[in-house]
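Undergrad: Sharing a structure below in structure tokens format, with a few things to ask.
The values are calculated or read from the model by the stated rules, or taken from the named source; none is laboratory data. Treat the numbers as computed from the prediction; the structure is a model and nothing was measured. Cβ sites come from the backbone with ideal geometry, for glycine too, and all protein chains shown count toward neighbours. To get the accessible areas, we keep the full protein, side chains included, count just its heavy atoms, and leave off ligands, DNA and RNA. Shrake-Rupley method; radii C 1.70, N 1.55, O 1.52, S 1.80 Å.
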Amino acid sequence: MSVLAEHSDREFSAQAEPYRRELLAHCYRMTGSLHDAEDLVQETFLRAWKSYERFEGKSSMRTWLHRIATNTCLTALEGRQRRPLPAGLGTPSSDPTAELVERREVPWLEPLPDLTADPTDPSVIVGSRESVRLAFVAALQHLSPRQRAVLLLRDVLQWRASEVAEAIGTTTVAVNSLLQRARSQLDAVGPSADDALAAPESPEAQDLLARYIAAFETYDIDRLVELFTAEAVWEMPPYTGWYQGPRAIITLIHQQCPAESPGDMRLLPLVANGQPAAAMYMRAGEAHLPFQLHVLDMSTERVSHVVAFLDHTLFAKFGLPERL
């Protein structure tokens with residue numbers, strides 16, 4: 001490698017790396033998959049590196065990288081199924097005493113680790129918590145990939161319609177039409193403005209999460225009733241069922257949870273999708289091994305929704321230990 005090329009590589013890295021986390025959030029919103037988003041960010045950086053000598057600086061580095069990332073995602077999403085959660089499959093709520101139905105072939109929605117873990121890091125420029133909230137990303141899955149791209153570039157990244165049109169190779173009129181349809185569909189399936197969630201670092205959320213964790217660790221499952229709202233929903237991909245109401249949720253846990261006594265479950269608090277979350281480990285001999293990753297919708301007083309992901313590969317992605 002020539003000295004000039006080496007200097008160019010270092011320059012590209014210095015210019016592009018500060019946007020890696022922001023690009024990961026963008027690719028995650030586009031795909032609903034943490035695993036895919038990581039791969040697409042790598043592909044974005046490779047494409048950008050190959051084109052860096054032709055980057056003329058007419059737009060900012062941030063805009064240029066997002067343009068590449070968006071088109072990389074659009075190419076990757078061609079012909080792919082959307083990534084649902086069980087409650088988004090269009091089926092009624094399930095009987096908690098019925099047999100569980102597992103479908104690992106479905107490309108389920110995945111959670112996102114906290115991208116703002118180091119608030120002192122100037123490279124952490126991600127959208128608001130609302131833009132990575134699990135319910136919002138699930139709602140995005142009802143849009144076509146191009147509708148997703150337009151809505152995210154316009155409403156999350158605040159690009160002008162003309163910038164979006166240039167980025168995805170269409171007209172401003174087409175962008176405005178795509179945006180109107182995307183917003184209409186999102187209003188029908190997405191979280192409403194009334195669904196305000198408690199910030200995970202708030203004292204109320206931390207107290208509620210601590211009580212939620214304690215109920216599992218002490219195997220006092222019946223105590224969870226007082227923590228859920230009356231319409232609370234529980235779902236756990238890759239199982240297709242979803243369950244509504246505290247009594248149904250408690251019945252499900254009593255029927256299906258392999259734990260039998262206090263100490264069988266241990267939970268570590270964390271943040272996922274900008275929301276309170278917990279990693280559950282289940283006793284296996286002398287250790288506790290990864291079991292579920294819970295992402296919670298909670299107000300300052302109650303838990304309204306839990307998605308318990310049974311994907312052990314997520315634990316490493318969240319920087320969690322292999323065993324306790």
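Undergrad: Do you know which of the residues in region 260-271 that are farther than 15 Å from L310 by Cα and aliphatic (A, V, I, L, M) is farthest from the chain's Cα centre (by Cα)?
TA: L268
For (1) within 19 Å of H294 (Cα to Cα); (2) touching a helix residue (DSSP H, G or I) at 6+ places or on another chain (Cβ under 6 Å); (3) surrounded by fewer than 15 Cβ atoms within 10 Å (Cβ to Cβ), each residue gets a yes or a no:
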| site | (1), (2), (3) |
| --- | --- |
| L179 | no, yes, no |
| A205 | yes, no, no |
| L209 | yes, no, no |
| A215 | yes, yes, no |
| R223 | yes, yes, no |
| E235 | yes, yes, no |
| P238 | yes, no, no |
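Undergrad: Of all residues in region 299-313, how many are open to solvent by less than 50 Å² (accessible area, probe 1.4 Å) and modelled with pLDDT under 95?
TA: Adding up the residues that qualify gives 2.
Undergrad: Which number in (1) over 20 Å from V233 (Cβ atoms); (2) over 18 Å from the mean Cα position of the chain (by Cα) marks the one condition that E38 misses?
TA: Among (1) over 20 Å from V233 (Cβ atoms); (2) over 18 Å from the mean Cα position of the chain (by Cα), the lone unmet condition for E38 is (2).
Undergrad: Quick one: E130 ticks every box in (1) at pLDDT 95 or above; (2) in a helix (DSSP H, G or I) except a single one, so which number is it?
TA: (1)
Undergrad: What residue, of S33, S51, S8, is modelled with pLDDT under 95 and either within 17 Å of L157 (Cα to Cα) or surrounded by 13 or more Cβ atoms within 10 Å (Cβ to Cβ) (or both)?
TA: Checking each option against the conditions leaves just S8.
Undergrad: Next question. Of all residues in region 264-291 being modelled with pLDDT of 95 or more, of a type in the set (G, A, S) and surrounded by 17 or more Cβ atoms within 10 Å (Cβ to Cβ), which is nearest to E204 (Cα to Cα)?
TA: A277
Undergrad: Yes or no: W242 open to solvent by less than 10 Å² (accessible area, probe 1.4 Å) and touching a residue at least 12 places away in the same chain (Cβ under 8 Å)?
TA: no
Undergrad: Condition first: of a type in the set (V, I, T) and over 22 Å from P113 (Cα atoms). Now tell me which residues in region 34-71 satisfy that.
TA: Within region 34-71, T63, I68 qualify.
Undergrad: Okay, moving on. Is at least one residue of region 181-189 open to solvent by 30 Å² or more (accessible area, probe 1.4 Å), farther than 21 Å from R29 by Cα and at pLDDT 95 or above?
TA: no
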